[in-house]
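The values are calculated or read from the model by the stated rules, or taken from the named source; none is laboratory data. In this text, all values refer to a predicted model and were calculated from it rather than measured experimentally. Protein only, heavy atoms only, side chains kept; ligands, DNA and RNA dropped before computing areas. Shrake-Rupley method; radii C 1.70, N 1.55, O 1.52, S 1.80 Å.
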Amino acid sequence: MKATKGKARPAEDVLDEETPAKPAEETPEESAAPPPGEAAADIAPVVSGNLKRLRTERGLSLEKLARASGVSRAMLGQIELGQSTPTISVLWKIARALDVPFSALINPESGPGAMVLPAARARVLRSIDGSFQSRALFPMDRPRSVEFYELRLAPHAEERADPHPPGTVENLVVNAGRCEMTIGAEKRMLGTGDAIVFEADVPHVYRNPDASDTVMYLVMTYAQRL
């Protein structure tokens, strides 16, 4: 972050642990940008709840998170209590220490109820020629160790995948059509309803041998949370 001309840089991320924390002062360049139509103050309770949840899930005390992030324990405590709206620079430090996307701290948590992921707003990735597409069936803005996808392969198309990190496991089921899987040097033909589980830390290829689309569902499990 570049310093604002003529102003001293806010010091909320280097507070003395023994000095009572003051509410964070923000310049326009550094304030955490709220979603459109919401006031900056509305971000504080969202960040408060997300920070406490993410820290607790990782078994971190405020003191340990302070050491990992470089943000003082006093400031972290104020953020968790909703008493301070942190700057972007502070949020980035916390996100890096928690190993989560920046958005995981500022997006509202859906709560324990059902969460609908509308098809019309789905995140779909496509190959350059459009013959392969992957639709995420999970919220992508949260830490996770498991991902769920819908895959589609056009007639006679194939998709080559690079090795994933060690410990990554793919569990694939064919919903419609057929898929020829090549996993390292091994080949397997899967028909409709067939499933396969394999260690995905080697090159692998999905190929549609037929003249109609292949539709598959894939669960990817990672050794570590993303």
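Being assigned to a loop (DSSP other than H, G, I, E, B), modelled with pLDDT of 80 or more and open to solvent by 20 Å² or more (accessible area, probe 1.4 Å) is the filter; apply it to the range 86-121 and report the residue that is nearest to Leu137 (Cα to Cα).
By that ranking, first place goes to Leu117.
Pick from the range 183-204 the residues that are part of a strand (DSSP E or B) and of a type in the set (Asp, Glu): which of them is least open to solvent (accessible area, probe 1.4 Å)?
Glu186
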